[in-house]
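Working notes for the structure below.
The values are calculated or read from the model by the stated rules, or taken from the named source; none is laboratory data. Bear in mind that the values here come from a model prediction, so they are computed numbers and not experimental data. All Cβ positions, glycine included, derive from the backbone under ideal geometry; neighbour counts span all protein chains shown.
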Amino acid sequence: MEARQGQPPHALKTRQPDVRSGFTTEARNPAGRYAELRARCPVALQQGSAGTGANRSAWLVTRYDDIVSAAGDPQTFGQSVRFAEQRRPPLESNPPEHHLWRQTLQPFFVTRAMAAIEPFTRSLARGLIEPLVHDGAGDAAHAIARPLPPQVLLRWMGQPPSDWEAVKQASEAAYFQGSPDPQDRARFAAGEEFLWDYARKVVAARQASPGDDPVSAMLAATARHPEITVRLIEGVVRLLLAAGHDSTTSAMGMCIEFVAANAALQTRLRAEPKLIPAAIEEMLRLRTPVLQMPRTVMADTCLAGRDLAEGDAVLLVYASGNLDETMFERASEFDLHRKLNRHLSFGSGIHRCLGNVLARQELRVVLEELLAATASFGPAAQAQHEFWHPNGIARLPLDFRRA
Ligand code: HEM
């Protein structure tokens, strides 16, 4: 570490940054940096951190137990809500309002509701995989991981899956936020406009003709709860139009790449498909798709010996918690038979991912279909990582041998 080596955390009363901006995210070996922080400075002040707004320092919380305790205490570690009306609940909301959104949306995310969409996911997966197997080669990130999750999301929302390409393109433009390049900024602005416009149209359509879908359920809840407004429902839809597929795309590319590169694992999963869910959990743990998420300190507090002040920014580094040896034995190893794999890839506490059952289903169905359709598949050239989710894969050239 560049600063404060060897000092116990409780000795650190200063507000001088412990690490520079990008200390973990720009490292060639982030796992090594995470381990260093967990051992020497588990709550570390990072200088001007891109994830929390320009030039704003943030506390990196890197130990599993500290992440879980901060995520479980939303009164102290809340969401900063900058644009009160144009925000995106439930992520950008705090209790007690947060509970209303979760309560209203939860029935549409339970296992039974998700099972209803599985046949669509499976037939879509088969249709996307078949041309690759037929050709014997292709880019699995582009051909499977990019198109499948947005189509499943739109179907779940009651929208035409054929809108997926426009939605995907617009949500990818979100990653140009803050770029100094005027062209990037224009792409970002156009993407934002498209997604908000799409969200408003979805809400207006359900107002005109309600159905048995999440948006209609939220609209019905406006009569019972003044906190739930039409404007905020548009924000929920806007959130889902990105959160509902972009991390799944990253995770799907990552899982396919992992299995492609591990021939022994691939053979084992093909022979015993019931092990696929455990393999997915372990891949999600080892290669956390969403590295970290922000919180704001709502009242002065102390975490792992550090004094945090009201208004401070905090980053819960899920990717580090997932490699914490105090929680996971031989944390850096892939273990298909790991007991109690309570990883943090879907977060923790009240904001834990609402869509985790759907995401897990999509990953499982794609791996099941890919393994069943092939005798083997493996890397044909170097994979390219996404720049926005470093564990996600943007290009994944593979060779396929038909089953
Ligand atoms: C593998 C895929 C996915 C990953 C890795 C992932 C990851 C996460 C994480 C880490 C959080 C917690 C955010 C925080 O702590 O601030 C979260 C929240 C959320 N996710 Fe996901 N997610 C995935 C897929 C999905 C899908 C498919 C949907 C919806 C269809 C979804 C909807 C949401 C929503 C609505 C929240 C906010 C929940 C709240 O604030 O109460 N996610 N996700």
Inside segment 251-303, the number of residues satisfying the requirement of being closer than 30 Å to VAL81 by Cβ and either more than 10 Å from the ligand (Cβ to nearest atom) or among the hydroxyl-bearing types (Ser, Thr, Tyr) (or both) is 9
For ARG295, are the conditions met, namely being out of contact with any Ser or Thr (no Cβ under 9 Å at 6 or more places or on another chain) and under 15 Å from ALA58 (Cα atoms)?
no
Going through segment 104-115 in order, the residues found to be away from the ligand (no atom under 11 Å from the Cβ) and modelled with pLDDT of 95 or more are THR104, PRO107
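Taking the residues in segment 198-223 that are in a helix (DSSP H, G or I) and of a type in the set (S, T, N, Q) as candidates, determine which candidate is nearest to ALA116 (Cα to Cα).
Keep residues of segment 198-223 that are in a helix (DSSP H, G or I), which gives 198-208, 214-221.
Cutting the leftovers down to of a type in the set (S, T, N, Q) gives us 207, 216.
Working: GLN207: 24, SER216: 18 Å.
If we take residues in segment 198-223 being in a helix (DSSP H, G or I) and of a type in the set (S, T, N, Q), then SER216 is nearest to ALA116 (Cα to Cα).
Hey, any hits in segment 375-385 for a residue that's part of a helix (DSSP H, G or I) and hydroxyl-bearing (Ser, Thr, Tyr)? Lay out the reasoning, then the answer.
At the first step, the residues of segment 375-385 found to be part of a helix (DSSP H, G or I) are none.
No, segment 375-385 contains no residue that is part of a helix (DSSP H, G or I) and hydroxyl-bearing (Ser, Thr, Tyr).
Could you run through segment 309-334 and say how many residues are of a type in the set (Ser, Thr, Tyr) and surrounded by fewer than 22 Cβ atoms within 10 Å (Cβ to Cβ)? Spell out how you get there, then give the answer.
From segment 309-334, those of a type in the set (Ser, Thr, Tyr) are 318, 320, 326, 332; that's our starting set.
Now drop any that are not surrounded by fewer than 22 Cβ atoms within 10 Å (Cβ to Cβ), which leaves 326, 332.
The qualifying residues number 2.
What residue, among those in segment 311-360 that are of a type in the set (Phe, Trp, Tyr) and within 10 Å of the ligand (Cβ to nearest atom), is farthest from SER21 (Cα to Cα)? Spell out the reasoning first.
Step one: of segment 311-360, the residues of a type in the set (Phe, Trp, Tyr) are 318, 328, 334, 346.
Checking the rest, the ones that are also within 10 Å of the ligand (Cβ to nearest atom) come to 318, 346.
Working: TYR318: 18, PHE346: 25 Å.
This residue is PHE346.
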Expected output for segment 87-116 (first residue touching a residue at least 12 places away in the same chain (Cβ under 8 Å), partner among the polar types (S, T, N, Q) and near the ligand (Cβ under 10 Å from one of its atoms), Cβ below 6 Å, 6+ apart or cross-chain) is GLU92/GLN79; ASN94/GLN79; MET114/GLN361
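Checking the condition touching a Pro at 6+ places or on another chain (Cβ under 7 Å) and either within 30 Å of ARG338 (Cα to Cα) or surrounded by fewer than 20 Cβ atoms within 10 Å (Cβ to Cβ) (or both), which residue from ALA261, ALA278, ALA271 passes? Reasoning before the result, please.
Values: ALA278 fails: touching a Pro at 6+ places or on another chain (Cβ under 7 Å); ALA271 fails: touching a Pro at 6+ places or on another chain (Cβ under 7 Å).
From the options ALA261, ALA278, ALA271, the qualifying one is ALA261.
Which residues, counting only those in segment 238-249, are more than 7 Å from the ligand (Cβ to nearest atom) and polar (S, T, N, Q)?
From segment 238-249, those more than 7 Å from the ligand (Cβ to nearest atom) are 238, 241-242, 246, 249; that's our starting set.
Result: THR249, single match.
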Is it the case that some residue within segment 351-368 is assigned to a loop (DSSP other than H, G, I, E, B), in contact (Cβ under 8 Å) with a residue 12 or more places away in the chain, within 20 Å of ALA31 (Cβ to Cβ) and touching a Phe, Trp or Tyr at 6+ places or on another chain (Cβ under 6 Å)?
no
Check LYS168 against each of (1) touching a residue at least 60 places away in the same chain (Cβ under 8 Å); (2) touching a Phe, Trp or Tyr at 6+ places or on another chain (Cβ under 9 Å); (3) in a helix (DSSP H, G or I) and name the one condition it does not meet.
(2)
Whichever residue in segment 88-103 is assigned to a loop (DSSP other than H, G, I, E, B) and within 11 Å of the ligand (Cβ to nearest atom) and, among such residues, is farthest from the chain's Cα centre (by Cα)
PRO95
